[in-house]
Amino acid sequence: MSKVSILGSGAWASALANVLSDNGKSSLLYSKNVDKVNEINTLHTNSRNIDIKFSSLVSATSSIKDLLMFSDILLLAVKSDSLPNYISEIKKIIGSKKIHIINVIKGFIGENNLTVSSFINNELKDNLLSFTSLVGPSFAIEVVKKDLTCVTAVSLNNEIALKVQKLFSNQYFRVYTSDDLIGCEISSSYKNAIAIGSGILSGLNYGDNARSALITRGLNEIIKFGLFFGAKEHTFYGLSGIGDLLLTCTSTTSRNFMFGYNLAKKSFSSENSLLENQTIEGIKTIKVIHDISKKNNLQTPIIDSLYNVIYLNRSISEEVDSLMLRPLKVENE
């Protein structure tokens, strides 16, 4: 593993290309935007997405064919809703080539709301050598600044997880390994929804008591939801669980947190919430988890209230009251 093709050229794709560069590995970023590609290749910057200065080990292309030819490792770093179109394009070109997939996309994919691993296994099963997710509490800008960051490489193949761990790890970017793919995928998606709730509370001027309660009860929901689908409980106490949840729920750098904050402040409506060049994954996640929980009779009161606010335009204050005045119960039931 010495070269990596990166499908995407946003902030996180750029930050990971920079990590690889610091580790002496070459990477090729993909963008449809020819001007961005030219900027990366000539100025070694990416001013549209993040303040960064690339080394000569990082280059860019607007050709999917060139991207696939560059390496047998393909890192997925695009918006979740655009992944199906990119995979369709890749399937037309890839032929019999075998590839390792490293995924950093969080969320559910397509009309069937599949996890990324399930979607990729369905679409690229004849070309897939391995699938690994790289997840955990990590803002791109801090990784670029070489702030200390810890994440997890999650794969059903431990040998591959160890190789991905070695590929990315250095003095400021530490990678652990895990084999609980479903647990990590669920927690890394679910936390975006809880972060919207945290932002709402902040926008309503509630204090740290309320935020702490939301995070704790949100974690409880995530664990119960994950266990239903076969996840391992200890996963939710790790980097992809409580680690990612804490980061996303407590920082104004979090897009999902800021969406909730601005929604509570009425800075914009949920109908036009997708800010330019940003993705609020938690919006779709709320609907997906709400629908799944209703289908399977799961108890997800925080998700239900967020769904009522965002999709049914219910009063935020009334939903807060509804959560607080539910029938009293034992904490861990």
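Of note:
- Pairs of lysine residues in segment 67-163 - Cα separation under 14 Å, sequence separation of 8 or more or cross-chain: 4
- Toward the positive end of the charge dipole of segment 1-153, with +1 on the Cβ of Lys and Arg and -1 on the Cβ of Asp and Glu, the farthest Cα among Ser82, Val116, Asn23 is that of Asn23.
- Estimated FRET transfer efficiency when R0 is 25 angstrom, pair Glu318-Lys224 (beta carbons, to 0.05): 0.50
- Solvent-accessible surface ranking, highest first, for Thr250, Thr45 at 1.4 angstrom: Thr250, Thr45
- For segment 114-239, the solvent-accessible area with a 1.4 angstrom probe is 42 square angstrom per residue.
- The heavy atoms of Phe70 offer some 50 square angstrom of accessible surface to a 1.4 angstrom probe.
- For segment 129-224, the normalised intensity computed at q = 0.13, 0.15, 0.18 Å⁻¹ comes to -0.58, -0.73, -0.92 (log10 of I(q)/I(0), Debye sum over alpha carbons, equal scatterers, no solvent).
- The helix-based estimate of mean residue ellipticity at 222 nm for the chain, built from -39,500 (n - 2.57) per DSSP H run of four or more residues and divided by its residue count, is -15000 deg cm²/dmol to the nearest 500.
- The loop-placed GluC sites (Glu not before Pro) in segment 97-187, going by DSSP, that have at most 11 neighbouring Cβ atoms within 10 Å of their Cβ come out as Glu111.
- The percentage of C-alpha pairs in segment 51-206 whose separation is greater than 26 Å is 33%.
- When both bridge partners sit in the chain, DSSP labels roughly 15% of those beta bridges antiparallel.
- With Cα atoms, 0 to 90° folded angle of helix 208-228 axis to the chain main axis: 70 degrees
- Mean Cβ count within 10 Å, highest first, over the residues of peptides 166-172, 220-226, 232-238: 220-226, 232-238, 166-172
- 0 to 90° range, to nearest 10: angle between helix 255-265 axis and the chain longest Cα axis: 40 degrees
- Accessible area of segment 119-235 belonging to carbon and sulfur atoms, whole % at 1.4 Å probe: 50 percent
- The overall shape of segment 145-289, judged from the alpha-carbon gyration tensor, is prolate: a/c is not under 1.5, and a/b is greater than b/c.
- Global form of the chain, assessed from the alpha-carbon gyration tensor, a/c cut-off 1.5: prolate
The values are calculated or read from the model by the stated rules, or taken from the named source; none is laboratory data. No experiment lies behind these values; they were computed from the predicted model shown. Methodologically, a virtual Cβ is constructed for each residue, glycine included, from the backbone with ideal geometry; neighbour enumeration extends over all protein chains shown. Keep in mind that these areas ignore ligands, DNA and RNA; they rest on the heavy atoms of the full protein, side chains included. Shrake-Rupley method; radii C 1.70, N 1.55, O 1.52, S 1.80 Å.
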